[in-house]
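The values are calculated or read from the model by the stated rules, or taken from the named source; none is laboratory data. These numbers come from a predicted model, not from an experiment. So basically every Cβ, Gly included, is an ideal-geometry build from the backbone, and we count neighbours across all protein chains shown. Note: areas computed on protein heavy atoms with side chains; ligands, DNA, RNA excluded. Shrake-Rupley method; radii C 1.70, N 1.55, O 1.52, S 1.80 Å.
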There are 2 protein chains.
Amino acid sequence: MSSGLPGLPGAVTICEVGPRDGLQNEPEPVPADVKLEFIERLADAGHAVIETTSMVHPAWVPQLADADEVLRRLDRRPGVRYPVLVPNQRGLRRALEAGVTDIAVFAPVTESFAKANLNRTVAESLEMFAPVIAAAREAGLPVRGYLSMCWGDPWEGAVPEATVVDVATALISLGCTELSLGDTIGVATPGRVVALLAALTGAGVPLGSIAVHFHDTYGQGLANTFAALQHGVTTVDTSAGGLGGCPYAKSATGNLATEDLLWQLDGLGIHTGLDLAKLIETSLWLAARLGRPSRSAVVRAHANLLR
Amino acid sequence: MSSGLPGLPGAVTICEVGPRDGLQNEPEPVPADVKLEFIERLADAGHAVIETTSMVHPAWVPQLADADEVLRRLDRRPGVRYPVLVPNQRGLRRALEAGVTDIAVFAPVTESFAKANLNRTVAESLEMFAPVIAAAREAGLPVRGYLSMCWGDPWEGAVPEATVVDVATALISLGCTELSLGDTIGVATPGRVVALLAALTGAGVPLGSIAVHFHDTYGQGLANTFAALQHGVTTVDTSAGGLGGCPYAKSATGNLATEDLLWQLDGLGIHTGLDLAKLIETSLWLAARLGRPSRSAVVRAHANLLR
């Protein structure tokens, strides 16, 4: 069944970022056993792309200090990709030694965030990533580039499209095979989403290499994703149960929840390969481990129906 | 500034349903003083349509037992409409005596909900409303018809478009000047929203007489509204802070929050005449009166920024 709406794709790839982007924002580190079962359950539910962990220094992100253990014990399934975020060349070496086959790097778009997050300029951060991306590409690995604060920045306000285009085209030149456009503080609206997509494709970035990554801080995540799908995007980042958050937005609201997007995509007849019931069960299981209810509206509605 | 997206309107009328649809679902009745200040604050923020109360019997909805007092003390502003829900001819007489100039009736679409809510068939409920609508029209009042469970029903599942079209065209024939399509349990997705709108206009219902009324139970309210706007709808029902809920969905989630829609419309450059800062202030004020945080993501994000 197709959606009947013009412009929508027949299939969407959901990149599940819960184990990394989600759990790195939990106040307390989650045990490696729970992380591994979480990843297993996500693969069971049909996920083909599960961002697994990050090779960032444990002093910065203690929540993911067990990255080596998680990767060593990970039961990799055929057909499933397990990308890992690497901050530098040392992180890449550790990832390659652990058998990682998909890499992601995290590029600030605005000078303020580059300064706050990496204590570098945007240009310096790109210089830092250049040899990482080159080495990963030489090893035959696809490399995803995360662009943060693509529509708004807590220090600078609205971010001009040209600023994002500059970083995006630089990352493509450096060898990135996919770009994930992050609305880190959740302020975007559909017109600006589509305007940025048009600016990027106008600058030669192929639509097929673009993923969108929305946060629900202002309740806009699903509508923005819908607008991006209408514009030809076919890869969307979400987290199980809406895990995650951004400390810079001073808000508890996380990524767009996988279940809330899947409710829409299932309703539109857009193929994802995912099993909503298994995802809901997984988020209820994880919520019990984390000791707080899921932020996903779909998961909460189902929990209420079970009462 | 226009949105730059094709198909979107230049202006949208938001029908604020918080004082009626919202507060009638509160576990405890809210004092009339609070209701009146709430309505004053909504008008101050620029609302031109504020659904004020309901003339339903106090035994059914004790939360609105003070309808006569609220209407007597209401400070009606020029240019602002204060519609009131009436269930029957007695309710209409009370409303007319209280100086009400905008009426709404509530029509079930599915047989199961008609039975559960009114202990009548759909045809019997239309017969019941026929003289109410006729008398209101004779008195020169516009009459809004609410259609409930337009996309899904907890007993019957998905609701066929033809079922909604039958009730909608009957209400127009009876004299309704506007129809509000309610997704009472919050299950709709954009393809089905657009399909129903197309079926209604295909049956001769003018787009300009159609409002959409989404609940956020499954997180779909804003994306569905966006799809409806793209299809030519220009009237949207929302509630301040996302007040409301539907007991039949066993869920705490209410109407689409006015603030969350306004964030999108402001971002798209679509005119509403509303002041977001005043609305947020109003929802924070009301949340303090109700003793629980607002459900609006925008209101919560602002509350977090103030911490």
Quiz prompt | Residue count, the range B:179-194 (criterion: of a type outside the set (A, V, I, L, M, F, W, C) and more than 14 Å from B:Val236 (Cβ to Cβ)) | solution = 6
Exercise. Return the total of residues in the range B:200-218 being within 14 Å of chain A (Cβ to nearest Cβ) and either touching a strand residue (DSSP E or B) at 6+ places or on another chain (Cβ under 7 Å) or of a type in the set (D, E, K, R) (or both).
Key: 5
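In the range B:233-263, what residues are of a type in the set (S, T, N, Q), assigned to a strand (DSSP E or B) and either modelled with pLDDT of 95 or more or surrounded by 24 or more Cβ atoms within 10 Å (Cβ to Cβ) (or both)? Show your work before the answer.
From the range B:233-263, those of a type in the set (S, T, N, Q) are B:234-235, B:238-239, B:251, B:253, B:255, B:258; that's our starting set.
After this cut, where a residue has to be assigned to a strand (DSSP E or B) as well, the list is B:235, B:238-239, B:251, B:255.
Correct list: B:Thr235, B:Thr238, B:Ser239, B:Asn255.
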Practice problem: Output the residues belonging to the range B:270-301 that are open to solvent by 30 Å² or more (accessible area, probe 1.4 Å), touching a strand residue (DSSP E or B) at 6+ places or on another chain (Cβ under 9 Å) and farther than 18 Å from B:Val30 by Cα. | Solution: B:His271, B:Gly273, B:Arg300
Self-check item: Enumeration of residues in the range B:94-122 that are out of contact with any helix residue (DSSP H, G or I) (no Cβ under 8 Å at 6 or more places or on another chain), of a type in the set (D, E, K, R) and not in a loop (DSSP other than H, G, I, E, B)
Solution: B:Glu97, B:Lys115
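In the range B:93-110, how many are over 19 Å from the mean Cα position of the chain (by Cα) and in contact (Cβ under 8 Å) with a residue 12 or more places away in the chain?
So in the range B:93-110, the residues over 19 Å from the mean Cα position of the chain (by Cα) come out as B:93-94, B:96-99.
After this cut, where a residue has to be in contact (Cβ under 8 Å) with a residue 12 or more places away in the chain as well, the list is B:94, B:96, B:98-99.
Matching residues across the range B:93-110 total 4.
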Exercise. Quick one: which residue in A:Pro83, A:Pro62 is in contact (Cβ under 8 Å) with a residue 24 or more places away in the chain and open to solvent by 60 Å² or more (accessible area, probe 1.4 Å)?
Key: A:Pro62
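Conditions (1) more than 9 Å from chain A (Cβ to nearest Cβ); (2) more than 15 Å from A:Ala223 (Cβ to Cβ); (3) in contact with a Leu (Cβ under 9 Å, 6 or more places away or on another chain), marked per residue:
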{"position": "B:Ala223", "(1), (2), (3)": "no, no, yes"}
{"position": "B:Thr234", "(1), (2), (3)": "yes, yes, yes"}
{"position": "B:Leu265", "(1), (2), (3)": "no, no, yes"}
{"position": "B:Ala277", "(1), (2), (3)": "yes, yes, no"}
{"position": "B:Ser283", "(1), (2), (3)": "yes, yes, yes"}
{"position": "B:Leu286", "(1), (2), (3)": "yes, yes, yes"}
Exercise. Looking only at the range A:253-261, decide whether some residue is polar (S, T, N, Q), under 29 Å from B:Leu276 (Cβ atoms) and within 9 Å of chain B (Cβ to nearest Cβ).
Key: yes
Quiz item: With A:Val143, A:Val193 as the choices, which residue is more than 23 Å from A:Asn88 (Cβ to Cβ), in contact with a helix residue (DSSP H, G or I) (Cβ under 7 Å, 6 or more places away or on another chain) and without any contact (Cβ under 8 Å) to a residue 60 or more places away in the chain?
Solution: A:Val193
Practice problem: Test each condition in (1) part of a loop (DSSP other than H, G, I, E, B); (2) modelled with pLDDT of 95 or more for B:Asp266 and report the one that comes out false. | Solution: (1)
Quiz item: What number goes with the only condition from (1) modelled with pLDDT under 95; (2) within 11 Å of chain A (Cβ to nearest Cβ) that B:Arg292 does not pass?
Solution: (2)
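Out of the range A:7-45, which residues are among the acidic types (Asp, Glu) and under 19 Å from the mean Cα position of the chain (by Cα)? Steps first, answer last, please.
Within the range A:7-45, the first condition is being among the acidic types (Asp, Glu), and the residues that meet it are A:16, A:21, A:26, A:28, A:33, A:37, A:40, A:44.
A:Glu16, A:Asp21, A:Glu26, A:Glu40 - these are the residues of the range A:7-45 that are among the acidic types (Asp, Glu) and under 19 Å from the mean Cα position of the chain (by Cα).
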